[in-house]
Amino acid sequence: MSAIKGLAARVRALLFRRATEQALDDEIRFHLEQETEKNIRLGMTPDEARRHALVQFGGLAQAREAHHDVYAARPVEEALADTRYTLRTMRRAPALTAAAILTLALGVGANAAIFSAVNAVVLRPLPYPNPDRLYMLWEENPEKGWYKNVVAPANMLDWREQVAAFADVMGYTDSFGTSTLTKAGEPVIVKPTYTTGNFFSVLGVRAALGRTFTDAETWRTGQSVTVLSHRLWRDRFGGDRRVIGRSIELDGRPVQVVGVMPEGFAYPTEQADLWQPWAWDPANRQQVFFRRAHWLDVVARVKPGVTEEVANAQLQAVVVRLQRDYPATNKLMGAGMTPLHEFLVGDTRLPLLVLLGAVGLLLLIACANVGNLLLVKAAGREREAALRLALGAGRGRLVRQALTESLVLSLAGGACGVALGWWGTRALQAMQPTGMLRVSRFDFDWTVLGYVLAITTVSGLVFGIAPALWSSRRLPLDALKEGGRGGSDSRRVRRWGERLVIGEVALALVLSIGAGLLVRSLLRLQQVNPGFDPNGVLAARLSLPGGRYDSDGKANAFFTRLEERLRTIPGVEGVAGVSAPPLTRTGYTSDFTVAGWPAGTYGSEVAHRRITPDYFKVMKTPVLRGRTFTVDDRLGSPNVVIINEAFARKHFPGQDPVGQRVTFDRIPDSTSTWNTIVGVVGSEHQTKLSLAPQMEVYEPTSQSATNVLSFVIRTTGDPAVLGPSVRMAVAELDRGLAVESMRTMHEVRTASLARERFLTMLLLVFAGVGLALAIVGVYGVMAQMARRRVREMGIRLALGAQANDVRWLVVRNGLRLVVAGLAIGIATALLATRAMAAMLFGVAAKDPLTFVLVPLILVVTAVVATWLPATVASRADPATALRSE
Amino acid sequence: MQPPTSDVLRGTLDLLILKTLTLEPMHGWGIGQRIQQLSRGVLDANQGSLYPAFQRLEQKGWIESEWRTTENNRRARYYRLTGAGRRAVGTEAASWRRYVEAVEFILQTT
């Protein structure tokens, strides 16, 4: 209580300084009058009485000053004075100030940009009510090597009904490709997400216009409905509110628009254009395929107050029951739950954290550089500090002043850094490969600004503390004695400078080794043989609207006609169709068994793709054994498949797979279709170059039809120029059909590495900046040292030393520091790079080549950086050097 | 000027002010007079140093002040003890006695 009263008095004094002073004056006047009256009563003359009163009081000015000191105003006033002083010295050394601010701005800006991404993707909670109660549910199966896998619908429905801890459970997928939207201008490709009816209610979002789905719409209602994204509504329907209730056409089928989502709603991804309820046939519930095929992403909302442990325990109980009740499909099917946010962040967390670490190192290097600049400056002002100490200034006062200086500097740097960071954030948003991060907009919100303010202040303290302590610890006498003319050759300042150089070199090395590892990894990836020849091939993807192409025969006939038509385009060497080109995505996978295997043995996770006969010829995928498909492999003739090398190696080691028969059922029965293996081809990388090719079978489209086919077109010239001809050919055969995507296989290959390339590039830029800053730091310290020792060098030269000797003396000195820094840096990097092992391909985190080459580069640049000051020192003219004292 | 014996230490002055105020609220000049009177003229505090002491004590929350009119109808700032101040008189006086005893002990033994 009394403390609060005291504080109030202080604050009052600070805020109402004039009033406080006025009150004091009044009080003193009263005092003097009383004293004078007393003196008159004692018999003095009025004049004498007044003089006596003043003497007795003991000096008005001191009383006022002492009174002022007691109040809090002093520290604030001092800080303001320090700030003014700092601004003045900054103006007097604009080059130095600009260098310091720019260095800091680089460090802070890089941090602000990366942190804004981390904030948006990792830190900011999902934009749904009570997001911490949302969990991703997934399945796992040791036999198939599944972990966090998509879920079979029947299992999801059972979880929803039987796990009491779940308030509700919904399922969706957006991996069924795209749809063609017609009757709303030109045909356009849209990305649908298929959902259970409670999709939106589990997330807790409402439609901006109209309604979302009802629970009943999970099942067939006789009416196809859809909810549009805000973006699609704006771009395609001109933001017309009357769209609600209107019928549009998706893949040739009429669908009624029932709602429009609010702007910014982007689940599951930002690419989502519209949502459609499953409208399952209720009979599916009892069908075995509903439990055998896994394709749903499942999200649960747990009831309030239920912990993850409790919910998971209940889920496991249901899982065990399902394993027992449905052994054919669920015998080894496990399940688990992960907080939704964590699940969505997924594998972007590590790269983001590595980047955050990298910019952290960058900022430290920047701090070391600025700290060195300040140190040099403090050394130059040593005599001033000594003088002030001698005249009675408190050491704390000097430390405060030095810190004020560094804080002002860091805040200026931070302000520029925010500007740079804002620009960097925009650049990051623009350049990040599509879909790499879950969120593509990272705003500069208060969290980011708070973070920037925090790192700015901390870095100000970090680089300011050394010069501050240093300048105040000096004994005044020493400093005054020592300094001849501008002489500040204290061992301490040199040692501090050397430490900073060592630190900087170590930090820059860690950063560069990290970047070096990523570069090596990317080079390795680029060398990976994709299993096909991507040069000169264009891939164009089509999906036939199920409305008009409602039978396998119609689809196959259209594709055959199109293939023939495409062959007539001038320059085209070959055309073939494939259900999914390599390096894009896997098709579905299945179990299988081979005729002649002991009963009950089977294999898992073989991927399926459908192709037309010329596929391997067009892609130049080597045929290792047997034959490819021909036009004679058609409906009615024996079913044939071709397997890839990965499959042959794993399941037919030392035997010829050609002629063997497989079926894609785990336990074959009378209904199973047996397929004869007619050939073995080289393995193509199905999804990523960094993943080994999966086991795969190819089926001819003639025996296993599909509505979605990509045409791969090999040409003698540049495949990209074929685009218009391909579109024309498609339009010729079907006006209502849009080509979904058209990319050269070269682009596909490049795009499959986009994420790795982007990360490598970013880290390389950071490492480059860090290295440059460190080298500038080395140069600065060495130049400073050379300048200080110019007299010594002059004497050496006068005594007969060669210019070369002197030069080496300086270079050697610099190298000593660099090598020390490298040693520390290598040790640190050995520990630090372990964290990024998961991001590396074909390169160990302790890759010897990187750990030798990168330090070597650093040494060479450091030698160059010390060479210049060394040369200056070696040219010291003995006469002038000596006279300059 | 002043004899050295009356050069009152800062902490002592605070204690004297507090003690004086235990009698009744008083203005600055009055406090100075009272200290002089009670010490029979031995302690003649530098009157200018009284006022910073008042601020110090006010910040500690031991005294508070208000402007009042004196019996002669003049405006003056009156200081009075707070509850915390009243408690502080006891502890401050005790520590002062310990201090005096210690000094006295040293004077006797050497």
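Write down the percent of antiparallel bridges among all DSSP beta bridges whose residues are both part of region A:153-332, to the nearest 5. Please list the in-between numbers first.
On the way: 21 of 30 bridges.
DSSP beta bridges in region A:153-332 are roughly 70 percent antiparallel.
For region A:588-616 and region A:166-233, write down the distance between their C-alpha centroids in whole Å.
Here the two parts' Cα centres lie 34 Å apart.
So how do A:701-713, A:754-766, A:519-531 stack up, highest first, on mean other-Cβ count within 10 Å?
Details: A:701-713: 22.3, A:754-766: 19.6, A:519-531: 17.0.
Ranking, from highest mean packing down: A:701-713, A:754-766, A:519-531.
State the antiparallel share, in %, of DSSP beta bridges confined to region A:545-736, rounding to the nearest 5. The partial results should precede the final answer.
Working: 19 of 29 bridges.
Antiparallel: roughly 65 percent of the beta bridges in region A:545-736.
Roughly what % antiparallel, to the nearest 5, for the DSSP beta bridges in region A:174-272? The partial results should precede the final answer.
On the way: 11 of 15 bridges.
Of those bridges, close to 75 percent are antiparallel.
Calculate for chain A the 222 nm mean residue ellipticity that helices alone would give, adding -39,500 (n - 2.57) per DSSP H run of length 4 or more and normalising by residue count, nearest 500 deg cm²/dmol.
Values: 29 runs with 466 residues, N = 885.
My calculation for chain A gives -17500 deg cm²/dmol from helical runs alone.
Using just the helices of chain B, give the 222 nm mean residue ellipticity in deg cm²/dmol: DSSP H runs with n ≥ 4 each add -39,500 (n - 2.57), and the total is spread over all residues, rounded to 500. If you can, show how the numbers build up before the last one.
Numbers: 4 runs with 61 residues, N = 110.
Theoretical 222 nm ellipticity from helices: -18000 deg cm²/dmol.
Suppose we look only past 21 Å in the calculated P(r) of region A:153-332. What percent of the Cα-Cα pairs does that tail hold?
Details: 8471 of 16110 pairs.
Cα-Cα pairs of region A:153-332 separated by over 21 Å account for 53 percent.
Please report the relative contact order for region A:796-885, taking Cα pairs under 8 Å with a sequence separation of at least 6, and give it as a percent rounded to a whole number. Don't jump to the answer; show the numbers that get you there.
Numbers: 48 pairs, mean separation 46.5, N = 90.
Computed over region A:796-885, the figure is 52 percent.
Beyond a 23 Å Cα-Cα separation, which of these cross-linked pairs lie in this structure: A:Lys144/A:Lys650; B:Lys19/B:Lys60; A:Lys650/A:Lys688; A:Lys144/A:Lys688; A:Lys144/A:Lys191? The partial results should precede the final answer.
Details: A:Lys144/A:Lys650 15 Å; B:Lys19/B:Lys60 16 Å; A:Lys650/A:Lys688 20 Å; A:Lys144/A:Lys688 20 Å; A:Lys144/A:Lys191 29 Å.
Checking Cα-Cα distances, A:Lys144/A:Lys191 exceed 23 Å.
Normalised by the residues of chain A, what does the relative contact order come to in percent, with Cα pairs under 8 Å and at least six apart?
Numbers: 1490 pairs, mean separation 127.9, N = 885.
Reported as a whole number, the value is 14 percent.
Going by average Cβ density within 10 Å per residue, which order do the peptides A:436-449, A:560-573 take, highest to lowest?
Numbers: A:436-449: 17.1, A:560-573: 15.5.
In descending order of packing, they fall as A:436-449, A:560-573.
Going by a ≥ b ≥ c, the root eigenvalues of the Cα gyration tensor, does the protein assembly as shown fall in the rounded group (a/c under 1.5), the prolate group (a/b larger than b/c) or the oblate group?
Details: a/c = 3.17, a/b = 1.94, b/c = 1.64.
Prolate shape, in that a/c is at least 1.5 and a/b is the bigger ratio.
If you take all C-alpha pairs in region B:8-109, what percent of them are over 19 Å apart? Show your work: numbers first, answer last.
Values: 2331 of 5151 pairs.
Beyond 19 Å sits 45 percent of the P(r) for region B:8-109.
Which ³J(HN,Hα) values in Hz, rounded to whole numbers, follow from the phi angles of region A:157-168 under the Karplus curve 6.51 cos²θ - 1.76 cosθ + 1.60, where θ = phi - 60° and Gly and Pro get x?
5, 5, 4, 4, 7, 10, 8, 5, 6, 8, 5, 6
Within 10 Å of each Cβ of B:55-65, how many other protein chain Cβ atoms are there on average? Walk me through the numbers before you get to the answer.
On the way: counts 12, 5, 2, 8, 12, 5, 9, 3, 2, 3, 3.
Other-chain Cβ atoms within 10 Å of each residue's Cβ, averaged: 6.
How large is ³J(HN,Hα) for each residue in region A:299-314, as worked out from phi by the Karplus curve 6.51 cos²θ - 1.76 cosθ + 1.60 (θ = phi - 60°), to whole Hz, x for Gly and Pro?
10, 10, 10, 7, 5, x, x, 8, 7, 4, 4, 4, 4, 5, 4, 5
Rounded to the nearest 20 Debye, what is the dipole magnitude of the protein assembly as shown about its Cα centre when Lys and Arg each give +1 and Asp and Glu each give -1 at the C-beta?
Working: 116 positive and 89 negative charges, 538 e Å.
Rounded to the nearest 20 debye, it is 2580 debye.
Taking the Cα centre of region A:153-332 as origin, sum charge times position over the Cβ atoms of Lys and Arg (+1) and Asp and Glu (-1), and report the length of that vector in debye to the nearest 20. Walk me through the numbers on the way to the answer.
On the way: 21 positive and 19 negative charges, 61 e Å.
The calculated dipole for region A:153-332 is roughly 300 debye.
Got a sec to turn the phi values of region A:494-499 into Karplus ³J(HN,Hα) couplings, 6.51 cos²θ - 1.76 cosθ + 1.60 with θ = phi - 60°, whole Hz, x for Gly and Pro?
Using θ = phi - 60°, the values come out as 5, 5, 4, x, 5, 4 Hz.
Could you list which residues have their amide H under 5 Å from that of A:Gly574, counting only those 5 or more apart in sequence or on another chain, with H placed in the peptide plane?
Answer set, sorted by chain and number: A:Arg714.
Using amide H atoms built 1.01 Å from N in the peptide plane, name the residues 5+ places from A:Arg610, or on other chains, whose amide H lies under 5 Å from its own.
Sorted by chain and number, the residues that satisfy this are A:Ser579, A:Ala580, A:Glu699.
I'd like the mean, over residues of A:31-39, of how many other protein chain beta carbons sit within 10 Å of each residue's own Cβ. Let's see the in-between values first.
On the way: counts 12, 2, 3, 10, 4, 0, 2, 2, 0.
The mean count of partner-chain Cβ atoms within 10 Å per residue comes to 4.
Given contacts defined as C-alpha pairs under 8 Å and at least six residues apart, what's the relative contact order of chain B, whole-number percent? Kindly include the intermediate steps, with their values, before the conclusion.
Numbers: 110 pairs, mean separation 30.5, N = 110.
Here the relative contact order equals 28 percent.
Report the Cα centroid-to-centroid distance between region A:380-452 and region B:83-109 in angstrom, as an integer.
51 Å
For a protection proxy built on the mean count of beta-carbon atoms within 10 angstrom, sort A:805-812, A:97-104, A:78-85 highest first, please.
Numbers: A:805-812: 18.2, A:97-104: 20.5, A:78-85: 14.0.
The packing order, highest mean first, is A:97-104, A:805-812, A:78-85.
Using amide H atoms built 1.01 Å from N in the peptide plane, name the residues 5+ places from A:Trp219, or on other chains, whose amide H lies under 5 Å from its own.
Close amide H contacts, sequence-distant or interchain: A:Ala279, A:Trp280.
Throughout, read-outs are computed from the coordinates displayed, never taken from laboratory work. None of these values were measured; they are calculated from a predicted model. Backbone-built Cβ (ideal geometry, glycine too); neighbour counts: all protein chains shown.
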